Amino acid sequence: MSKYVLITLLLIGSLSGAYAQESTLEGRVFNSINNESIPFAVAVLKDARSAYPTTADSAGRFKITAPQPGFYNLEVIMSGFKTTFLFEIQLKPERVTRVDVAMEPDQKNLGEVTISAQPFVRKEESPLSMRSIGTAEIKRNPGGNRDISRIIQSLPGVASPPTFRNDIIVRGGSPNENRFYLDGIEIPNINHFATQGASGGPVGLLNVDFINEVDFYSGAFPANRGDALSSVMDIKFKDGRSDKTGASFALGATDLATTIEGPAGDKATYIASYRRSYLQFLFAALELPFLPTYNDFQLKYKYKPDNKQEFNVLALGAYDVVSLNTSANETEAQRYILGNIPQNSQWNYTVGGSYKRYSERSFTTYVLSRNHLNNEAVKYRNNDDSNESNKILKYRSEEIENKVRVENTALRGSWKINSGVNLQQSLYTNDTYNQIPFIGHVVYQSELDFFLYGAFAQVSKTFGGAGLVLSLGTRFDGNTFGNEMKNPLEQFSPRFSLSKSLGERFSFNANTGIYYQRPAYTILGFRDAEGRLTNTNVRYIRSEHVVAGLEYQNKTNGRITVEGFYKRYSRYPLGLQDSVSIANQGSDFGIVGDEPVDSRSRGFSTGVEVLLQQKLFKGFYGILAYTLAQSKFTNFDDRLVASSWDYRHTISMTAGKTFAKNWEAGLRFRYSSGSPYTPYDVANSSLRSNWDISGQGVPDPERINTVRNGDFAQLDIRVDKKYYFKSWTLDLYIDIQNLFNYQTELRPYLTVERNADGSPKENPSDPSRYLLTELQNTNGTVIPTIGLIVEL
């Protein structure tokens with residue numbers, strides 16, 4: 001492996017012909033509340049060696065010329081406004097890079113207290129548990145594969161699962177407790193091959209070339225973001241180029257991507273992309289028993305008739321297929337996977353628009369959107385579909401959401417007020433045929449059509465002389481599904497935040513709140529054999545949060561934070577078929593919650609997080625995060641036991657350095673303690689009547705999460721070399737995941753012993769049972785990638 005890596009690096013380094021040319025940054029500085037230009041602001045462009053200052057003109061516009069292309073930080077300063085930092089802006093030759101600098105009015109009483117400018121902004125509503133990630137950090141992250149979900153796993157409080165999935169596990173919470181927004185428009189999932197009823201999947205859906213910045217909240221959620229218990233991800237798409245048409249092409253570890261952008265008239269821009277995977281060819285070459293294929297499309301259109309209004313239109317969609325590679329059946333592990341994984345097809349889209357109107361001291365946003373998911377799966381015994389009697393699973397479901405939200409943000413002196421309302425129509429259909437051990441045939445059809453409604457308000461106040469910021473907010477949510485969730489007063493969701501300056505660079509920050517989340521559609525739409533809705537008495541899941549911490553920001557774009565958290569859960573759905581809380585589900589393919597439940601499960605998670613972060617400074621950047629957490633939930637016997645997300649110790653370190661001649665190198669190390677799992681009930685699993693249906697072991701409900709997987713560790717490295725030509729740029733990189741080929745021991749497979757003809761062996765002492773054996777299940781392999789990115 002090292003020989004091929006060395007040869008590749010030598011080839012990359014031997015390319016020549018790049019131009020050393022000046023690069024230009026243009027921008028506009030404006031008030032974030034009323035969008036009015038801020039004249040004569042000071043803008044300073046910085047790299048590892050020099051600073052290039054300028055002053056904006058009377059229209060708030062500025063222009064800075066740098067001697068060479070590369071990554072720069074921008075600092076913008078103006079009296080009466082908070083100093084604004086933009087990190088890692090990439091300047092390119094023969095191209096004007098444009099930025100919008102939104103400055104927030106400084107609500108402190110000027111002259112009473114002097115506080116140095118801080119590069120890490122604390123929002124009044126969420127002064128802690130919020131991290132911002134820029135597009136450069138996502139693109140170059142070692143082992144991240146340009147996938148936002150994997151980059152999030154580098155942050156404190158986020159576990160690193162030892163599998164190839166992108167499940168986001170935050171502070172001991174289930175993957176179904178996260179919510180995602182694109183430019184204020186909510187989308188259900190950001191992954192291909194999504195797990196219905198949860199939020200995970202193996203491959204990210206979003207093209208990173210669209211992303212400008214990501215705000216990730218692991219707590220202290222603002223009131224305008226509801227229906228979340230563990231995290232909120234606010235993703236901001238960049239605008240298309242306004243000067244001329246441009247394009248980019250990227251070849252990565254799993255797919256090919258093409259992006260085109262440019263002006264659409266004098267006052268509009270667009271950016272669009274298409275991606276197609278070639279993962280199925282790699283899986284076939286490796287003789288894996290399943291072949292995944294995915295496609296996705298994304299579009300953003302922005303129209304600004306003037307500085308007082310703007311329109312945005314977003315569209316994204318995906319089409320995913322998992323087929324079986326039945327020729328890959330030489331080993332027991334291959335045959336086990338072939339016997340259990342269904343063929344699956346899934347498509348989804350989100351389309352939405354927003355209109356923002358600015359007035360003198362406020363702005364109002366109107367959002368209209370639609371989400372649609374179609375999920376189908378089928379499985380036959382021995383993968384023989386020639387006879388319908390072999391059918392084990394046939395599933396088809398659709399989820400449709402039509403949404404409208406109106407919200408206003410206003411500034412009144414030292415007061416900031418955000419308020420709004422939202423309405424949503426939800427449509428759900430399900431057509432299920434499923435054979436389940438001990439249950440038998442589950443056959444039903446279901447349709448739902450109901451409304452969700454909510455209102456929210458948040459008020460923040462800055463006491464400049466005391467260095468104190470307070471914020472109080474609340475939400476009210478309800479829906480028309482059943483009597484238990486109709487009254488929004490039953491989902492009264494208050495939250496309170498505090499930030500206190502403890503000198504020039506220290507601060508104390510805290511938040512407490514009560515949050516609610518609607519149960520999944522798969523739960524609400526489940527019906528019994530007579531066609532009656534079974535789960536009409538479920539309630540909104542409730543979680544109470546308390547978070548507090550200290551933060552220190554230094555003078556070199558770095559900070560240290562320490563936060564402690566406690567979350568208490570109640571009203572969590574408990575699955576009555578498998579006796580397991582839904583809080584323990586969501587990390588596998590398929591469907592979560594498609595069974596009878598009641599709302600009696602409860603639990604908690606608690607822990608402490610430490611973060612050391614260095615934004616780009618003199619060519620160096622890095623993040624070191626450590627989380628100690630404990631998570632427990634009750635199951636059928638009402639005993640608190642470790643949840644499936646109880647990872648205890650999680651460590652993540654990402655670091656990198658930019659060098660002369662546009663070289664860059666980085667590494668990422670991750671470690672986590674083994675997560676719990678439930679061992680098999682071997683006696684019941686061996687029954688022929690059960691095995692012939694499921695083809696896999698039956699978990700033992702008496703020993704839920706009593707055994708742990710092995711510890712997980714992985715080291716990834718990446719080396720980039722950028723070339724800036726006259727009218728285009730080239731980025732060549734090599735990325736190696738799991739450099740030391742660390743193998744993690746996971747829950748073993750339980751399978752049958754087989755005769756020479758492949759048929760299961762009967763137990764000679766009990767013909768009603770098969771003979772079973774365990775197969776080792778390890779995860780981890782070296783994955784080298786040589787990629788290229790071309791931008792025109």
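The values are calculated or read from the model by the stated rules, or taken from the named source; none is laboratory data. As the structure is a prediction and not an experimental result, all values here were calculated from the model. We place every Cβ from the backbone using ideal geometry, glycine too, and count neighbours over all the protein chains shown. The area values use the complete protein model at the heavy-atom level, side chains included, leaving out ligands, DNA and RNA. Shrake-Rupley method; radii C 1.70, N 1.55, O 1.52, S 1.80 Å.
Could you give the size of the charge dipole of the chain about its Cα centre, using +1 on the Cβ of each K and R and -1 on the Cβ of each D and E, expressed in debye and rounded to the nearest 20?
On the way: 85 positive and 84 negative charges, 511 e Å.
The dipole of the chain has a size of about 2460 debye.
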* **Net charge, TYR680 excluded, C-beta distance under 12 Å - Lys, Arg +1, Asp, Glu -1** => -2
* Asked: Tell me, what is the percent relative contact order of region 322-394, built from C-alpha pairs under 8 Å that lie six or more residues apart?
  -> 27
* What does the accessible area of TYR301 come to, in Å² to the nearest 10, when a probe of 1.4 Å is used? -> 80
* Could you work out the helix-only [θ] at 222 nm for the chain, with each DSSP H run of four or more residues adding -39,500 (n - 2.57) and the total divided by the number of residues, to the nearest 500 deg cm²/dmol? -> -1500 deg cm²/dmol
* For TYR724, solvent-accessible area (1.4 Å; no DNA, RNA or ligand), Å² -> 10
* Asked: Rounded if a/c is under 1.5, else prolate if a/b beats b/c, else oblate: with a ≥ b ≥ c from the C-alpha gyration tensor eigenvalues square-rooted, which is region 201-274?
  -> oblate
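Largest first, how would ARG396, ARG527 line up by accessible area (1.4 Å probe)? Could the numbers behind the result be given before it?
Working: ARG396 100, ARG527 45 Å².
Highest to lowest solvent-accessible surface, that is ARG396, ARG527.
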* Computed accessible area, THR163, all protein chains, 1.4 angstrom probe, square angstrom -> 60
* Where labels lie 7 Å past Cα in the beta-carbon direction, separation of TYR366 and ASP588 in nm -> 4.8
* Asked: In what order, largest first, do SER242, SER686 sit by accessible area if the probe radius is 1.4 Å?
  -> SER242, SER686
* Would you mind calculating the gained length between TYR552 and ARG412 on full extension (0.36 nm times residue separation, minus the Cα-Cα distance), in nm to one decimal? => 47.5 nm
* To do: Taking all pairs of distinct Cα atoms, average 1/r, flip it, and tell me the Kirkwood hydrodynamic radius of region 605-749 in Å to one decimal place.
  => 19.1
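Give me the net charge of GLY172's neighbourhood, meaning all other residues with Cβ under 9 Å from the Cβ of GLY172; Lys, Arg count +1, Asp, Glu -1. Don't skip to the end; give the middle numbers.
Details: positive: ARG171, LYS567, LYS632; negative: ASP646.
Counting the neighbours of GLY172, the net charge comes to +2.
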* Asked: Rg(Cα) of region 63-204 divided by 2.2 N^0.38 Å?
  -> 1.30
* Cα-based shape type of region 337-453, given that a ≥ b ≥ c are square roots of the gyration tensor eigenvalues and the cut on a/c is 1.5 -> prolate
* Describe numerically, in nm with one decimal, the distance between label points set 7 Å from Cα along Cα→Cβ at ARG357 and at HIS649. => 5.8
* **Centre separation in Å (Cα based) which lies between region 315-385 and region 633-662** => 25
* Asked: If each of SER386 and ASP528 carries a label point 7 Å out from its Cα toward its Cβ, how far apart are those two points in nm?
  -> 4.1
* If you add up the charges near ASP385, with Lys and Arg at +1 and Asp and Glu at -1, over every other residue whose beta carbon is less than 11 angstrom from its beta carbon, what do you get? -> +2
* Asked: For region 182-244 and region 123-146, what is the separation of their C-alpha centers, rounded to whole Å?
  -> 12
* Asked: Given +1 on the Cβ of Lys and Arg, -1 on the Cβ of Asp and Glu, and no further charges, what dipole in debye does region 435-528 carry about its Cα centre, rounded to the nearest 20?
  -> 500
* Structure fact -> Scoring the chain by relative contact order with C-alpha pairs under 8 Å, at least six apart, yields a percentage of 11
* Asked: For the chain, with the dipole built from +1 on Lys and Arg beta-carbon atoms and -1 on Asp and Glu ones, taken about the Cα centre, which of SER149, GLY603, ALA220 lies farthest toward the positive end?
  -> ALA220
* Charge-dipole axis of the chain as Lys and Arg at +1 and Asp and Glu at -1 on Cβ define it, positive-most pick from ASN584, LEU771, SER499 -> SER499
* To do: Report the paramagnetic label zone for THR773: residues of region 671-693 whose backbone N is under 20 Å from a point 7 Å from Cα along the Cα-to-Cβ axis.
  => 680-688, 691-692
* To do: Just name one of PHE290, GLY252, SER414: the one whose Cα is farthest towards the positive end of the charge dipole of the chain (beta-carbon charges, Lys/Arg +1, Asp/Glu -1).
  => SER414
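What is the magnitude of the charge dipole of region 593-653 about its Cα centre, with +1 placed on the Cβ of each Lys and Arg, -1 on the Cβ of each Asp and Glu, and no other charges, expressed in debye to the nearest 20? Please report the intermediate quantities before stating the final value.
Details: 7 positive and 7 negative charges, 103 e Å.
Roughly 500 debye for region 593-653.
Given the Cα-Cα distance of ASN483 and GLU753 and 0.36 nm per residue of separation, how much length would full extension add, in nm?
Additional length available on full extension: 92.1 nm.
Does region 165-317 come out rounded, prolate or oblate, given a ≥ b ≥ c as the square roots of the eigenvalues of its C-alpha gyration tensor, rounded meaning a/c under 1.5 and, failing that, prolate meaning a/b above b/c?
Values: a/c = 2.87, a/b = 1.16, b/c = 2.46.
Oblate, because a/c is 1.5 or more while a/b does not exceed b/c.
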